[in-house]
Amino acid sequence: MLERVEALPGQPGRDDLVATTRRWTGGRRLLAGVALLILSQLVVRAWMAAQRELFQDDFLYGSQALEMPLFSAEYLVEDRGGHFMPGAMLLHGILYRLFPLEWGPFAVVLVALQAAAALAVLRLLRVLLGDRPRLLVPLAVYLFSPLILGAYVWWAAAMNSLPLQIGLAWVAADAVLLVRSRRRRYAVTGALALVATLLFYERAVLIVPFAFLLTAVLLHGEGVAAPIREAWTRGRALWIGSAAVLAGWFFTFTLAVPSEAVGSATLAQIGQLTSITVRSFVPALFGGPWRWADIAGSPAADPSPTAVTVSVVLLSLLVGWTVLRRRGAAWMWMLAAGYFLAGTLLVGAGRAAFGVSSVLPLAYRYFAAEAVIAAVVVAVLLVLPLHHPGEGGSRTRVVAGRVADGIARRPAGARAARTALALSTVAFVASSLWTTVGYMDVWENEPSRPYLATAKDSLAAAGEEPLLDQPVADHLVWSLMTPWNEASKVFGPLEDRPAFARSTHELRMLDDTGRMRPAIVDGGIRLAPGPDGGCGWAVSGGRAVDVSLDAPLFAWVWTAELDYEADRDGTISVTLGSDTVEAPVRQGSNTLYLRFISGGDELVVTPGSDDLGLCVREGVVGNIALR
């Protein structure tokens, strides 16, 4: 039989807290309030998802999922820029194979993951607070926090961040339940949840330290003399199991992810990242930043200096007051700050060296877990016992306690405190919604969504003449991701389109808006004058002919334009350096365009049959450009 212990003041007993995770005890009005908050958040998130589209890495990972074996190490773990996320890659690959280039199914899964995260956080808050009206305050903080915005609207980030939120909330709740009830099943489910979360995001390594210290803070609030030792003793099964899981994960991570892929950063870069992160993070705790800048079509936090100053002052006052009034509040704040700094260091180690230290924190892409932490801090501060004036301590604490107790003993004062808490929560939600709308307004300028729609229509109307393969617009897939930025990779799954080929008789390309337009071969190196008079370079009898260039070409992606005349339909092969292209030719005078990835000082033209004869009159090898 479980041993009962005295609960915190105003907190359900330990057995009651365990029960609240299985049945609702808070009354219909509170249940309606919880349901209203969660449904309201999901409506907002569904509206946000409806405004978005697949973006950048979504296409990169999707194209790889179509070409690579789905359960191969090559797809699941290799070349992910230091990330280890096989679970996320598998989820993405399955969705992309089923629904290539279709955002709708991804949006549905996005909202479903958000719903799962909301329920996981609700479970944690019920464990911390019980089914009481004040549960609505930290729940609203999590549901509407702007900290999750950047990690939600981009699928490639959300498929990491939302599972991280779910895992963090679940493991933390299991840890608290285990320490309070000592039921071993929470050690098992907590360890399994940790395994699942680690498959989606490497930042899950911070979950166990946070959960352990959270239980220690709660025990300290209960008055336990040695809370860290007690937290270890009561939750030993989970901590040992989690240590084994983390050891196995670290071993796998070091095997799968080369150290050079993780990145590195100097202390100065990490310092710059930390400073900017603090300035962008603190306003979000109060529903900010209220103002966004447009950086290449995507939002970046742009809080005014006044907003930052006011936010820092408000946070300082909140920290100071709660430390004076609540036993263990200082430890809770230090735990939250430690998690924030650890997360910042992880980002800095992996990303700051790429020269984007001033941009990363402004995108709000790495604060997903911090949204859960913020809700936990509010919940714990509401449940920690008060310091009473007679308990001793500093003069400031004694005076603050007497003033607060004097107010609390008056009915009007207690009502005013509850009203102030409710109004503060409403103001936070309203401020967060304002920030969210402004955030989505900036995303309207991002060109990927209209580009995709226009490109699909253009390809559907392009006819049957093959298209020379070409890079898509840089805003859709970064050019450094070659060859995954090629149109054949991105638009290959479309059924209503012409074939992508390495040769064509009609040179066209998609412009930066996705519209199909005529193209030319710009600049480059011309073919040397041929030895056969008006024929230029005569190709016949099945023999290869070396067509000289006026100058050598270095290894690159080149487009060759050949003006030729053939005596019949047939095929030829054209070689530049180490690259050979097989191409059809048509009877009569025509222009053929070929794409090479190589370099050299001549084109070797070979007819596909002995009876084919043609003249290569002139030509040029250069770069494709819009006419």
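Observations
- Between the Cα long axis of helix 28-50 and the first principal axis of the chain there is an angle of about 20°, rounded to the nearest 10.
- Between the helical axis of 267-284 and the longest alpha-carbon principal axis of the chain there is an angle of about 60 degrees.
- Ordering 89-97, 372-380, 67-75, 519-527 by mean Cβ neighbour count within 10 Å, with the highest value first, yields 372-380, 89-97, 519-527, 67-75.
- Sequence ranges 416-427, 614-625, ranked by mean other-Cβ count within 10 angstrom, highest first: 614-625, 416-427
- Amide H contacts under 5 Å for residue 547, placed H, 5+ residues apart: 603, 604, 605
- Environment charge at residue 596 (Cβ cut-off 9 Å; Lys +1, Arg +1, Asp -1, Glu -1): +1
- Considering only alpha-carbon pairs that sit under 8 angstrom and 6 or more positions apart, the relative contact order computed for segment 522-626 is 43 percent.
- Taking amide H as placed 1.01 Å from N in the peptide plane, residue 572 has its amide H under 5 Å from the amide H of 583, 585, 608, each at least 5 places away in sequence or on another chain.
- The relative contact order of the chain, computed from alpha carbon pairs under 8 Å that lie at least 6 residues apart in sequence, is 13 percent.
- Taking 0.36 nm per residue of separation and subtracting the Cα-Cα distance, full extension of the segment from residue 598 to residue 251 would add 120.9 nm.
- Built amide H within the under 5 Å cut-off of residue 613, gap 5+: 567, 568
- Each peptide among 327-339, 450-462 gets the average number of other Cβ atoms lying within 10 Å of its residues, and from highest to lowest they stand as 327-339, 450-462.
- Computed over Cα pairs, the Kirkwood radius of the chain leads via Stokes-Einstein (1.002 mPa s, 20 °C) to a diffusion coefficient of 76 µm² per second.
- Relative to the longest principal axis of the Cα atoms of the chain, the long axis of helix 103-129 lies at roughly 20 degrees.
- The share of C-alpha pairs in segment 522-626 whose separation exceeds 15 Å stands at 58 percent.
Readers should treat all values here as calculations from the given coordinates under stated rules, not as data from a laboratory. Keep in mind the model is a prediction, meaning the values are calculated, not measured. Quick reminder, even Gly has a Cβ in these numbers, built from the backbone with ideal geometry, and neighbours come from all protein chains shown.
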